[in-house]
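The values are calculated or read from the model by the stated rules, or taken from the named source; none is laboratory data. Small disclaimer: the values here were computed from a predicted structure and weren't measured. Cβ atoms come from the backbone with ideal geometry, glycine included; neighbour counts cover every protein chain shown. For the accessible areas, the whole protein counts, side chains as well, though only heavy atoms, and no ligand, DNA or RNA atoms are used. Shrake-Rupley method; radii C 1.70, N 1.55, O 1.52, S 1.80 Å.
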Amino acid sequence: MDVFTLPPLAALLDLSARGLMALIAVLTPAAGPGAAAAAIVLVTLVVRIALVPAGIAQAKADQARSRLAPRLRALQKRWRAHPERLQRETFALYRAEGVPPAAGCLPALIQAPIVGLVYAVFLHGSIAGHANPLLGEHLFGVPLGQAAVAAAFTGLDASAAVVFGAIVLLIALSGELTRRLLRPAATLPSWQRALTETVPFLTAVVALFVPLAAALYLLTSAGWTLGQRLVLRRLYPPPQAS
């Protein structure tokens, strides 16, 4: 079930789409045919800037969890046969170090509905019972409602191939820079390090299946996230493995 078909969320989504169309109208004199794409990039950046405090809280939480990871593993090894004792010792460690046991969960919970709403505007072809006007706009002649994979079955023209190719390439480049410059802390479990390095490349694959508007959102978000993580990594570096 699509939760955005529920009346309150549908109304909120419709209001967001109308706001975007109003922004496109404001940007049109300066940006011309690229006004819709400029509006998507601008809105994405505004939302990401508004969520910077949540990103800082997440970085602090990640730093705290990385710092405690070796001691948590020691507790798990010592008390794995006694789950209740393990739980008590784990909470005691968090309390002694002044780290909330659910550190990092609240920032993620704050970001999820906001990011989800913005992304949904770029993803839904129909909102509140009518066509999403945003997806009828174009970028270099390519409809913002067109998806690369879907268009490939009906014949992907040169303009669409170039636009989608550039977006996917840039997202993949962002993923490669993330992999090279932001290697996960050695204190993280191997599965978590692998997931952290893989997700940016999966975003490039997703961009092939979603409307162009959503692909532009993914590209802008990937670029912003890379820059923000580079800054936060310098401010809150993870502890080095001993």
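Considering only Val168, Val99, Val41, the Gaussian network model of the chain with Cα springs below 10 Å gives its largest mean-square fluctuation to Val99. Ser159 versus Phe201, label points 7 Å from Cα toward the beta carbon: distance in nm? My value for the distance between the label points is 3.3 nm.
For region 49-154, what class follows from the C-alpha gyration tensor (a ≥ b ≥ c being the square roots of its eigenvalues): rounded when a/c is under 1.5, otherwise prolate if a/b is larger than b/c, else oblate?
Details: a/c = 3.57, a/b = 2.84, b/c = 1.26.
Prolate is the answer for region 49-154, as a/c is 1.5 or above and a/b outweighs b/c.
Could you give the distance between the Cα centres of region 24-40 and region 71-147, to the whole Å? Centre-to-centre distance over Cα atoms comes out at 31 Å. A straight chain from Thr5 to Ala112 at 0.36 nm per residue would run longer than the Cα-Cα distance by 36.7 nm.
Taking Tyr119, Tyr217, Tyr94 in turn, the Gaussian network model of the chain (Cα-Cα springs below 10 Å) assigns the largest fluctuation to Tyr94.
Compared with the direct C-alpha span, the chain from Arg80 to Ala30 gains 11.7 nm at full extension, assuming 0.36 nm per residue. With no solvent and one equal point scatterer placed on each C-alpha of the chain, evaluate the Debye formula and give log10 I(q)/I(0) for q = 0.08, 0.11 Å⁻¹, two decimals. Results for the chain at q = 0.08, 0.11 Å⁻¹ read -0.40, -0.70.
Protein heavy-atom surface of region 1-154, 1.4 angstrom probe: 68% of the accessible area is carbon and sulfur, with nucleic acids and ligands not counted.
Between His130 and Leu181, the contour length at 0.36 nm per residue exceeds the alpha carbon distance by 13.9 nm. Computed over the chain, the per-residue total of -39500 (n - 2.57) for DSSP H runs of n ≥ 4 gives a 222 nm mean residue ellipticity of -25000 deg cm²/dmol, rounded to 500. Of all the options Pro33, Pro113, Pro133, the one that moves most in a Gaussian network model of the chain with Cα springs shorter than 10 angstrom is Pro113.
Rolling a 1.4 Å probe across the protein heavy atoms gives the chain an accessible surface of 56 Å² per residue. The three principal axes of the C-alpha atoms in region 10-70 carry coordinate ranges of 56, 28, 14 Å, sorted with the longest axis first. Quick check: the angle from helix 83-97's long axis to the longest principal axis of the chain, C-alpha only, nearest 10 degrees? Helix 83-97 and the main axis of the chain meet at about 80 degrees.
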